[in-house]
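Each remark here refers to the structure printed beneath this line.
The values are calculated or read from the model by the stated rules, or taken from the named source; none is laboratory data. Computed from a predicted model, the values in this text were never measured in an experiment. Heads up, the Cβs are rebuilt from the backbone with ideal geometry, glycines too, and the neighbour counts pull from every protein chain shown. Ligands, DNA and RNA are stripped out before the accessible areas are found, and what is left, the full protein with its side chains, is counted by its heavy atoms. Shrake-Rupley method; radii C 1.70, N 1.55, O 1.52, S 1.80 Å.
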Amino acid sequence: LSHPAAGVHRQILFATVGWFVGYQLVKRTEYMHAKVDRELFEYIRHHPVDFHAATEKKRIGELLEDFRPVH
């Protein structure tokens, strides 16, 4: 008969390894997103003409096309 606590050390090991791998993947993902954000903001800073702010706000009705139902 096997003991009820048999294999608990293996489960603790796998849980620890899984947590560590997940932590590293999250850190890498956040780093990649931060790198892309930094590059985009740097590009926007060097090319302000391409990203001018909207001078006037448009209403939602001006942005959408007229509704034409399909029969």
### Task
Rounding to the nearest 20 debye, state how big the charge dipole of the chain is about its Cα centre with +1 on each Lys and Arg Cβ and -1 on each Asp and Glu Cβ.
380 debye
### Task
With Rg/Rh (Cα atoms, Kirkwood Rh) defined as stated, name the option among [x] 1.01; [y] 1.44; [z] 1.15 computed from the structure displayed.
[y]
### Task
Calculate the spin-label point distance for Val17 paired with Glu42, positioning each point 7 Å from the Cα along the beta-carbon direction, and give it in nanometres.
3.8 nm
### Message
Within the chain, what whole-number % of the accessible surface is contributed by carbon and sulfur, with the 1.4 Å probe and all protein chains included in the calculation?
### Response
63 percent
### Task
Please determine, in degrees from 0 to 90 and to the nearest 10, the orientation of helix 8-46 with respect to the longest principal axis defined by the Cα atoms of the chain, where the helix direction is its Cα long axis.
20 degrees
#### Entry: Sparse-neighbourhood loop sites, GluC sites (Glu not before Pro) in the chain - DSSP loop, at most 16 other Cβ within 10 angstrom
Glu56, Glu65
#### Entry: Whole-Hz ³J(HN,Hα) from phi, Karplus 6.51 cos²θ - 1.76 cosθ + 1.60, for segment 60-65, glycine and proline x
4, x, 7, 8, 8, 6
### Cα centroid separation - segment 1-31 against segment 46-68, whole Å
50 Å
